[in-house]
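Quick one: the structure is below, and I'll ask about it shortly.
The values are calculated or read from the model by the stated rules, or taken from the named source; none is laboratory data. The structure presented is a predicted model; accordingly, all values stated were derived computationally and were not measured. All Cβ positions, glycine included, derive from the backbone under ideal geometry; neighbour counts span all protein chains shown. In case anyone asks, the SASA skips ligands and DNA or RNA and just uses the protein heavy atoms, side chains included. Shrake-Rupley method; radii C 1.70, N 1.55, O 1.52, S 1.80 Å.
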Amino acid sequence: MDAMEEDQPFELEAYASNYLGHAKVERLLFIADKKLGTAFGDDALRLAVEELSQSENTQKYQEAATKLGGSSINRAQLEQKERKAAQRHDRLEAELNNYKTNLIKESIRMGHNDMGDFFYSRGDLQSAFKSYVRTRDYCTSGKHVIQMCLNVIKVSIELGNYVHVNNYISKAEQTAEVQKDPVVAGKLRAAGGLAALQAKKYKLAARKFTEVPSEMATQYQDVLSAQDIAVYGGLCALASFDRSELRSHVINNVTFRDYMEVNPEVRELVNDFYGSRYASCLNHLTRLRPMLDLDPYIHAHLNTLYASIRSKALVQYTTPFTSVNLPTMAEAFKTDVSGLEKELAELIQSNQIQARIDSHNKVLYARHADQRKATFQTALCTAEQYLGDTKALLLRANLLKHDFAQKQGEGQEQGHGRGGRRGGFGGGHGGGGHMPPHPYLGALGGYGLINPDLA
Amino acid sequence: MNLQQLIQAIKGNSHSLQDLAHLLQQLQVSEESLRNQPQKVIDALSVVDPSRESLGYLFLLHSVGSQGLPDQGNAQFLATASAFVGNCEVDQIRMAPERFSSLCRQIKDHAGALGSPKLAILPLKIGLQKLAPTPEHVTPIHTDFVFSCLQAKQYNAAANTLQQTIFDVEPSKTNLKPTDLLLYCYYGGMIHIGRRRYSEALQIFLQGLTAPTHVVNAITVATYKKYALVSLIHNGSLMALPKFTPASVMRFIKAEAQAYTDLATAYTSKTQQDLPSAIEKHQGQFAEVRSFTYSKSRETSQIIMIAEAHRASPRAFSCITHGPVRPRLSYA
């Protein structure tokens, strides 16, 4: 069973059917790359080639088909597609020039848009991006702006240029129509979440993903599927939210719940974590891992997220107790005691747990800061420090009043008689120049209390 | 004027303020000649009354003392000077602060040369109280006093004086030089270390480090080194110097004090290898540190012990870092 699972982490066709167009192809190719040489990888590649043969993207089709073995390339069909594409390109350009001479805004906009669509289907992302951006000047209504933004966002995500993604998201969100259309709003949030994820801002990503309205579910399939939203949102939330946020944004969140229903594994994961069933939670994580490794957007972040979730689980486990028996805890986390001890020691050192470990008896003793006492102590400390600082300040002010600074060359006179307590007594290291008195006084500088013409 | 006339003048003019001012001038003029006849001056001392003719006595005594320090010190001089400091009249000696503080310095030197710096402690304490116009003034005598306490290892003797916050330096009244102030801060800090009062030590070291200055001198260097070590022991980390530290000091630290910054980073990073290797690397510099007073060597040995703890049991180390860092480990 394990060998088969290793070979076939999940049902490829079902996975692929969640996506459309470019997203499908990208993901399949990614899987094929990662699993190069295995049967699974070959399956993915085959599916990708199939999909590509339906599309206009001849270049990618050729690349993929060559990887597969090159035998299945339909040369004739390929050439025909190329010819048709060239024709279409010429036609679109001619039409666009026509519109430009006629100066009809709407037509120009549509012309550029069509060009963009054409380039996108051909796989020429840079030109597609340029064309879409060009439509910006001819957008007359909010709808146009949104359409343009969504197109640009889609292309930018594929290009990996998340700066543009963020820019155009904010542009789109400023348009009035966005509020009325939950699908569009959802798409924007999802894209925003993706951008945040790539920027390693997991908390922001979690927020965005959990705010995606459920109506959007399957409408964004050319970028993300509903399962993706669930998984990304769930993992980021577990890694970055604290308990109350987790409860309000994930567990009690009606809209997000719909997404979690689509991906029951994630739902179980979150519920287990919240319910402190750590062993099962970590199990879910391990089960999810093979599939997530093959996901182009999240595989790079898996280590960080998993480590974060694990340490959060450890911290959460120890919080309610004054003392914890390490073997029991190891049992709960399905790990061995020495490994657990090491992990806990690291957490203690990075100050995420306040505790001490009795290594001999294998017990963890928590130290709960007494809030009240701590506050009093802080207040006293601050007051003492203030007092000390003020006294020092007064002295320094006095030093400046008497121009008491050591000038160059003054040190020589004190050479003898001081004894061997310090070796060597250089007169100075050439400080040079007369410094303005203000920096020495800290707060007092600039109040005009000191006459700068003392020298 | 010759010595006899001078003595007459002293006897005659030590009563009213104007007379004293006049006398001061005469004394200042005659200083040179006094220096040339040490034996006669010593004889003259027995004629002059230290408690009422303090100004004159001061000058005479001072010229004796400035003859130079014999190797074994001069016990008699020390005794005379100490007695004088106890008996002198405050107003009169305040008229010649540089002579008075110089005299106190001579007391310190002689006591040190005689091998019992303890003898200087009490006279100097009285001296500084007399010279300072207010308790908040700091004088060069403060520096000498603290130095003597340090030399004599009588740390608690200096406690009261150090406790007193100083607000005023008035060079005209106290003849204080910048180096004196820096030394006061340095020695004061050392005393605090000896008494294990690390936070106070840090404060006074910081005072020395942030005193306005255009050049860096060896005192500041030494102060910084101690400051770094005490900061590590007391706080567990090396605090950055405040913004108003003079630029020359900051530059120096970046350039020369690399050993200590390394040690600080190694200490705070809590990795096993870094700390002992950082100490070994700068063994030479720290050896100089270790040759200092007993308390100093205690603190470096504390650091070494912590390094050992690192090696022995990293887990135990995580325990002690969250309590006060006193390595009372039992290597069970």
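Where the only charges are on Cβ atoms (+1 Lys, Arg; -1 Asp, Glu), what is the dipole of the stretch A:298-355 about its Cα centre, to the nearest 20 debye?
160
According to the square roots a ≥ b ≥ c of the eigenvalues of the Cα gyration tensor, what is the shape class of the stretch B:54-155, taking rounded for a/c under 1.5, prolate for a/b larger than b/c otherwise, and oblate for the remainder?
oblate
To continue, here is another question. Please give the peptides A:259-272, A:316-329 ranked by average Cβ packing (other Cβ atoms within 10 Å per residue), highest first, as a rough proxy for protection.
Per-residue mean Cβ counts within 10 Å order the peptides as A:259-272, A:316-329.
Assuming a ≥ b ≥ c are the square roots of the Cα gyration tensor eigenvalues, decide whether the stretch A:125-176 counts as rounded (a/c under 1.5), prolate (otherwise, with a/b larger than b/c) or oblate.
oblate
Please work out the C-alpha center-to-center distance from the stretch A:177-222 to the stretch B:118-188 and express it in whole Å.
Cα centroid of the stretch A:177-222 versus Cα centroid of the stretch B:118-188: 71 Å apart.
Compare the peptides B:226-234, A:390-398, A:225-233 by average per-residue count of other Cβ atoms within 10 angstrom and give them in order, highest first.
A:225-233, B:226-234, A:390-398
Probe 1.4 Å, all protein chains in place: accessible area of A:Cys236 in Å², nearest 10?
0
Sticking with this one: Using only alpha carbon pairs under 8 Å that are at least six residues apart, calculate the relative contact order of chain A and give it in whole percent.
Relative contact order comes out at 8 percent.
Over all residues in B:216-224, what is the mean tally of Cβ atoms on other chains that come within 10 Å of each residue's Cβ?
5
Using a Förster distance of 56 Å, how high is the FRET efficiency between A:Arg75 and B:Glu136, based on the Cβ-Cβ distance and rounded to 0.05?
With R0 = 56 Å, the Cβ-Cβ based efficiency is 0.05.
Still on this structure, I have one more. Note down the relative contact order for the stretch B:29-71 as a percent, whole number, built from C-alpha pairs under 8 angstrom at least six residues apart.
Once divided by the residue count of the stretch B:29-71, the mean separation gives 47 percent.
A 25 angstrom limit on the alpha carbon distance is what I want to check against. Which of A:Lys60/A:Lys105; B:Lys130/B:Lys177; A:Lys391/B:Lys225; A:Lys100/A:Lys130 exceed it?
A:Lys60/A:Lys105
Pulled fully out, how much extra length does the chain show between A:Asp33 and A:Ser121, if you take 0.36 nm times their separation in residues and subtract their Cα-Cα distance?
The span from A:Asp33 to A:Ser121 would gain 29.5 nm if fully extended.
Residues with amide H under 5 Å of B:Val216's amide H, sequence separation 5 or more or different chain, H placed in the peptide plane at 1.01 Å from N; which?
A:His429, A:Gly430, A:Gly431
If you don't mind, another one. Output wanted: per-residue J couplings in Hz (rounded whole) for the stretch A:35-51, from phi through Karplus 6.51 cos²θ - 1.76 cosθ + 1.60, θ = phi - 60°, x for Gly and Pro.
Here the 3J(HN,Hα) series is 9, 4, x, 8, 4, 4, x, 5, 4, 4, 4, 4, 4, 4, 4, 4, 4 Hz.
Relative contact order of the stretch B:1-83, please, whole-number percent, based on alpha carbon pairs below 8 angstrom and at least 6 residues apart.
In percent, rounded to a whole number, it is 29.
Return the calculated 222 nm mean residue ellipticity for chain A, to the nearest 500 deg cm²/dmol, obtained by summing -39500 (n - 2.57) across DSSP H runs with n ≥ 4 and dividing by the residue count.
Mean residue ellipticity at 222 nm (helix-derived): -20500 deg cm²/dmol.
Here is a follow-up. Through the Karplus equation 6.51 cos²θ - 1.76 cosθ + 1.60, θ set to phi - 60°, convert the phi angles of the stretch A:266-275 into ³J(HN,Hα) values in whole Hz; use x for Gly and Pro.
Rounded to whole hertz, the list is 5, 4, 4, 4, 5, 5, 5, 4, 5, x.
Would you mind giving the mean number of other chain beta-carbons within 10 Å of the Cβ of each residue in A:385-398, as a whole number?
For this peptide, the per-residue mean of nearby foreign Cβ atoms is 5.
Now for a different question. Determine the shape class of the stretch B:135-194: with a ≥ b ≥ c the square roots of the Cα gyration tensor eigenvalues, call it rounded for a/c under 1.5, and otherwise prolate if a/b is greater than b/c, oblate otherwise.
prolate
In whole Hz, with x marking every Gly and Pro, tabulate ³J(HN,Hα) for the stretch B:143-156 from phi via Karplus 6.51 cos²θ - 1.76 cosθ + 1.60, θ = phi - 60°.
Those phi angles translate into 4, 5, 4, 5, 4, 5, 4, 5, 4, 7, 6, 9, 5, 5 Hz.
Let me confirm one metric for peptide A:257-266, namely the mean number of other chain beta-carbon atoms within 10 Å of its residues' beta-carbons.
Counting other chains' Cβ atoms within 10 Å and averaging over A:257-266 gives 0.
So for each of B:71-81, A:78-88 I average, over its residues, the number of other beta carbons within 10 Å; can you give me the resulting order with the highest mean first?
Per-residue Cβ counts within 10 Å, averaged per peptide and sorted highest first, yield B:71-81, A:78-88.
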